[in-house]
1. Hey, any hits in the stretch 151-162 for a residue that's touching a residue at least 60 places away in the same chain (Cβ under 8 Å), open to solvent by 30 Å² or more (accessible area, probe 1.4 Å) and of a type in the set (Val, Ile, Thr)?
2. Name the single residue, out of those in the stretch 414-450 being in contact with a Lys or Arg (Cβ under 7 Å, 6 or more places away or on another chain), in a loop (DSSP other than H, G, I, E, B) and open to solvent by less than 70 Å² (accessible area, probe 1.4 Å), that is modelled with the lowest pLDDT.
3. What are the residues in the stretch 209-243 that are within 14 Å of ALA307 (Cβ to Cβ) and among the polar types (S, T, N, Q), if any?
4. Of all residues in the stretch 243-267, which are modelled with pLDDT under 95 and more than 24 Å from the chain's Cα centre (by Cα)?
5. Being of a type outside the set (A, V, I, L, M), farther than 30 Å from ASP89 by Cβ and in contact (Cβ under 8 Å) with a residue 12 or more places away in the chain, is that true of even one residue in the stretch 407-417?
6. Of all residues being farther than 23 Å from GLY23 by Cα and not charged (D, E, K, R) in the stretch 363-375, which is surrounded by the fewest Cβ atoms within 10 Å (Cβ to Cβ)? Just the residue, please.
7. Identify, by number, the condition in (1) closer than 25 Å to ARG45 by Cα; (2) touching a residue at least 40 places away in the same chain (Cβ under 8 Å) that MET383 doesn't meet.
8. Return the pair list, or none, for Cβ contacts closer than 8 Å from residues in the stretch 320-332 that are under 18 Å from LEU471 (Cβ atoms) and of a type in the set (A, V, I, L, M) to residues that are open to solvent by 40 Å² or more (accessible area, probe 1.4 Å) and not in a loop (DSSP other than H, G, I, E, B), at least 6 apart or on different chains.
Amino acid sequence: MTDNVAKPSDLLSRPFFFCGIGGSGMLPLACILRARGAQIGGSDRSFDAGRSAEKFAWLERQGIALHLQDGSGVTRPEQVLVASAAIEDSVPEVMRARELGCARMSRAELLAELFNAAPRSIAIGGTSGKSTVTGMTGWIMAEAGRDPTIMNGAVMKNFVTDDAPFASARTGDGGLFVAEVDESDGSIALYRPGVAVLLNVSLDHKSMDELRSLFGNFLAAAPHAAINADDPESMALAARAQAVTRFAIDNTQADIGVVPGSIVQTPTGIDATIIDRRADTRHDLQLKQPGRHNLANALAAIAGADAAGVSVADGVAALSRFEGLRRRFDVVGTAARNITIIDDFGHNPEKCAATLRTLKAHPGRVIAFFQPHGYGPLRQMGMELAETFAQVLDAGDRIIFSDPVYFGGTTDRSVGSERIVAAIKENGGNAEHIAQRSDCADRIAEIAQDGDRIVVMGARDDTLSQFAHDLFMRLDR
């Protein structure tokens with residue numbers, strides 16, 4: 001962050017220009033700033049290419065000025081350019097901002113300024129589940145009358161309206177800020193939460209040693225932490241916290257947990273009796289999202305809200321009305337021949353395993369389509385992904401990998417999906433590499449059988465939802 005960036009007290013007086021404004025992290029932040037009165041402009045490669053037209057039309061209706069990614073939107077020195085560290089210096093907006101002497105902030109730096117200035121705050125951290133837990137926690141706090149501002153990376157269905165179809169953010173007046181915070185770029189170190197929620201610590205974008213340091217410092221920065229007592233890596237960091245509320249499904253020493261034997265799973269939800277062992281009280285939870293990982297997510301949200309002053313009983317009651325997030329085990333529909341299509345954000349080993357285990361908990365063959373979210377992540381975690389798909393799915397299931405998503409730039413593309421598919425096969429999985437996504441759709445339609453569950457997985461590409469919808473329409477004939 002450059003020296004001439006405004007402080008939180010006068011930050012909203014500056015005009016902002018978001019490079020990549022359509023991204024899952026940029027869009028909600030731009031919307032929060034716009035709702036608070038800031039002047040916002042932006043550009044995006046997807047806007048230039050005509051992708052996700054509905055989303056960009058909605059942004060323009062919010063009073064956000066969109067420009068081609070040719071530098072034309074950066075016009076005066078007082079503008080603050082918001083761009084990720086991954087944005088290359090050759091991008092026209094970056095070049096123009098440098099010529100004009102504009103300040104530059106990353107998305108995380110800007111969010112941290114707003115978050116840390118809030119009187120009360122809850123930060124959701126961990127390798128997997130952050131967006132879901134952020135949505136759950138935000139919903140609990142909203143239902144409790146706390147009127148929170150919520151910064152999420154996914155659309156929260158409870159807050160979707162005709163005027164807000166892309167509700168990945170909510171702007172409130174209650175002085176409470178709920179946000180997911182990212183460890184992948186190290187920016188989690190910028191936040192000073194009132195409550196820090198730690199879900200899990202596992203391999204993703206950084207080495208385990210780096211992750212342990214980042215998450216340990218995250219816990220130490222907060223007066224109160226809620227920690228997953230079922231995750232050994234998370235509990236190993238608990239000593240860094242100032243005060244701890246532990247939550248868990250299986251660990252019977254946790255403060256907030258599940259009554260043994262009370263879990264009932266269905267293909268569309270999960271029920272359990274939640275126990276607050278500190279007060280020896282029990283509360284029946286009916287969750288509309290399936291899978292044990294979502295029960296763990298619910299416990300995290302309940303524990304985080306409890307640390308912020310909302311009772312376990314109120315948290316459980318609110319979650320019975322939680323509708324979930326788009327692209328988090330999002331059932332598109334059941335087509336002809338009882339074939340169900342699911343749109344899912346799974347992209348790292350833990351997220352993919354959670355989704356696939358949820359599917360395998362019920363009868364029926366699985367066809368998993370996976371579009372890697374970049375060449376870099378594929379190099380970092382490709383072998384772990386291959387192991388996940390091979391171990392969780394059966395020989396009768398089918399796995400199809402397309403080439404990684406690529407929107408341009410100079411990233412090394414020498415390691416692609418074919419290497420991962422080969423590794424899945426070596427581990428006993430039934431996998432194919434088909435480079436083009438349209439050809440993958442043809443293949444899925446060719447092999448789909450009665451009763452199949454088809455899951456579309458991947459991140460960083462909004463058009464995956466359209467791909468899943470189009471696949472549903474094609475099979476529902």
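1. No, the stretch 151-162 contains no residue that is touching a residue at least 60 places away in the same chain (Cβ under 8 Å), open to solvent by 30 Å² or more (accessible area, probe 1.4 Å) and of a type in the set (Val, Ile, Thr).
2. By that ranking, first place goes to VAL415.
3. Of everything in the stretch 209-243, those that are within 14 Å of ALA307 (Cβ to Cβ) and among the polar types (S, T, N, Q) turn out to be ASN228, GLN242.
4. Matches in the stretch 243-267: none.
5. Residues of the stretch 407-417 that are of a type outside the set (A, V, I, L, M), as a first pass: 407-414, 416-417.
With the extra rule that they be farther than 30 Å from ASP89 by Cβ, the set shrinks to none.
Looking through the stretch 407-417, none of the residues is of a type outside the set (A, V, I, L, M), farther than 30 Å from ASP89 by Cβ and in contact (Cβ under 8 Å) with a residue 12 or more places away in the chain.
6. This residue is PRO363.
7. (1)
8. Sorted first by the residue in the stretch 320-332, then by its partner, the pairs are VAL332/HIS469.
The values are calculated or read from the model by the stated rules, or taken from the named source; none is laboratory data. No experiment lies behind these values; they were computed from the predicted model shown. All Cβ positions, even for glycine, are placed from backbone atoms using ideal geometry, and neighbour counts span all protein chains on display. Quick note on the areas: whole protein, heavy atoms, side chains included, nothing else; ligands and nucleic acids left out. Shrake-Rupley method; radii C 1.70, N 1.55, O 1.52, S 1.80 Å.
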